[in-house]
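Below: the structure, in structure tokens.
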Amino acid sequence: MAKLTKKQKEALSKIEKNKIYSLDEASALVKEVNFAKFDASVDIAVRLGVDPRKANQMVRGVVSLPHGTGKDVKVLALVTPDKEAEAKEAGADYVGLDEYLQKIKDGWTDVDVIVTMPAVMGKLGPLGRVLGPRGLMPNPKSGTVTMEIGKAVTEVKAGKIDFKVDKYGIIHAGIGKVSFDAAKIKENAQELVQTLLKLKPTAAKGTYVKSIYLSSTMSPGIAIDTKSVN
């Protein structure tokens, strides 16, 4: 195991062992235990009482964080010429179609989100092996396959994120930066958890939200009392 640095030890010492913090406390503490020299991301991990192997217990959705993610999201709009002006006006970083499809085919994936139109999805199908593993394949459920291109680009730029439960039943999401006020971190976390509660599958039995942890890049996780998020 790698030896802990002085800063890492100091960060760990601020988190009481076995203590479950309120969301208010955790949102302030996550700023204190950060030891990265850059504006680290604040991440949330929510363990759900679902079995993701069963289709009727899959939890997937989108949420618009009230304070955004703090990240400059690079958006590629794969659209026909009649939609290019709309995409550019909304702030898409890259706009076009065939030339970008070829770039992706050649291995280029230097974007965070791809927005496209239903008519273009047929051309994207063969690129699934490139886009799928990187989480870049547009999806109607996440609002990234739509005729309202301008609206979709604006929402993504403003802090709309999509999430999907992993094979362990955990939702991972970036909900801000350590430079955010604690109140903004708290409100973004609440918005995500409230969205997850609305998406509870009817087939899920027992405790739905089993645990919540807040952390920043490279910092230890802080356990949160699930009742304090409601």
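Some notes on this structure:
- Residue list for segment 187-211, restricted to those being farther than 18 Å from residue 55 by Cβ, open to solvent by 20 Å² or more (accessible area, probe 1.4 Å) and small (Gly, Ala, Ser): 206, 211
- Scope segment 127-139; condition under 18 Å from residue 59 (Cβ atoms) and touching a residue at least 12 places away in the same chain (Cβ under 8 Å); matching residues: 139
- Failed criterion for residue 109 (all others in (1) in contact with a Gly (Cβ under 9 Å, 6 or more places away or on another chain); (2) within 26 Å of residue 172 (Cβ to Cβ) hold): (1)
- Sole residue being open to solvent by 70 Å² or more (accessible area, probe 1.4 Å), at negative phi and either hydroxyl-bearing (Ser, Thr, Tyr) or in the same structural domain as residue 128 (by the TED database) (or both), chosen from 7, 88: 88
- A Cβ distance below 9 Å, combined with a sequence gap of six or more or placement on separate chains, defines the contacts here; from segment 147-159, residues that are small (Gly, Ala, Ser) reach residues that are modelled with pLDDT of 95 or more and open to solvent by 70 Å² or more (accessible area, probe 1.4 Å) in the pairs 150/89.
- Restricted to strands (runs of 3 or more DSSP E) entirely inside segment 1-103, those with at least 3 residues that are modelled with pLDDT of 90 or more and either farther than 25 Å from residue 208 by Cβ or aliphatic (A, V, I, L, M) (or both) are 41-48, 75-78, 94-96.
- Annotation note: of 46, 73, the sole residue that is under 28 Å from residue 158 (Cβ atoms), of a type in the set (Val, Ile, Thr) and in contact with an Asp or Glu (Cβ under 9 Å, 6 or more places away or on another chain) is 73.
- Number of the condition not met by residue 201 [criteria: (1) part of a strand (DSSP E or B); (2) in contact with a helix residue (DSSP H, G or I) (Cβ under 7 Å, 6 or more places away or on another chain)]: (1)
- When residues of segment 157-182 are limited to those that are within 22 Å of residue 40 (Cβ to Cβ) and of a type in the set (Val, Ile, Thr), the one surrounded by the most Cβ atoms within 10 Å (Cβ to Cβ): 175
- Residues of segment 92-137 classified as under 11 Å from residue 79 (Cβ atoms), surrounded by 13 or more Cβ atoms within 10 Å (Cβ to Cβ) and of a type outside the set (Phe, Trp, Tyr), total: 9
- Any pair with Cβ under 8 angstrom, 6 or more apart, that starts in segment 191-205 at a residue that is farther than 27 Å from residue 69 by Cα and ends at one that is assigned to a loop (DSSP other than H, G, I, E, B) and open to solvent by 30 Å² or more (accessible area, probe 1.4 Å): 203/54
- Some residue of segment 151-159 being under 16 Å from the mean Cα position of the chain (by Cα) and outside any helix (DSSP H, G or I): yes
- Matching option when the condition is buried (at least 20 other Cβ atoms within 10 Å of the Cβ) and either touching a residue at least 60 places away in the same chain (Cβ under 8 Å) or not acidic (Asp, Glu) (or both), among 79, 62, 73: 79
The values are calculated or read from the model by the stated rules, or taken from the named source; none is laboratory data. Only a predicted model underlies this, so the values are computations on that prediction, with no experimental measurement involved. A quick note on method: Cβ atoms are made from the backbone with ideal geometry, for glycine too, and the neighbour counts reach across all protein chains shown. With ligands, DNA and RNA removed, areas are computed over all heavy atoms of the protein, side chains included. Shrake-Rupley method; radii C 1.70, N 1.55, O 1.52, S 1.80 Å.
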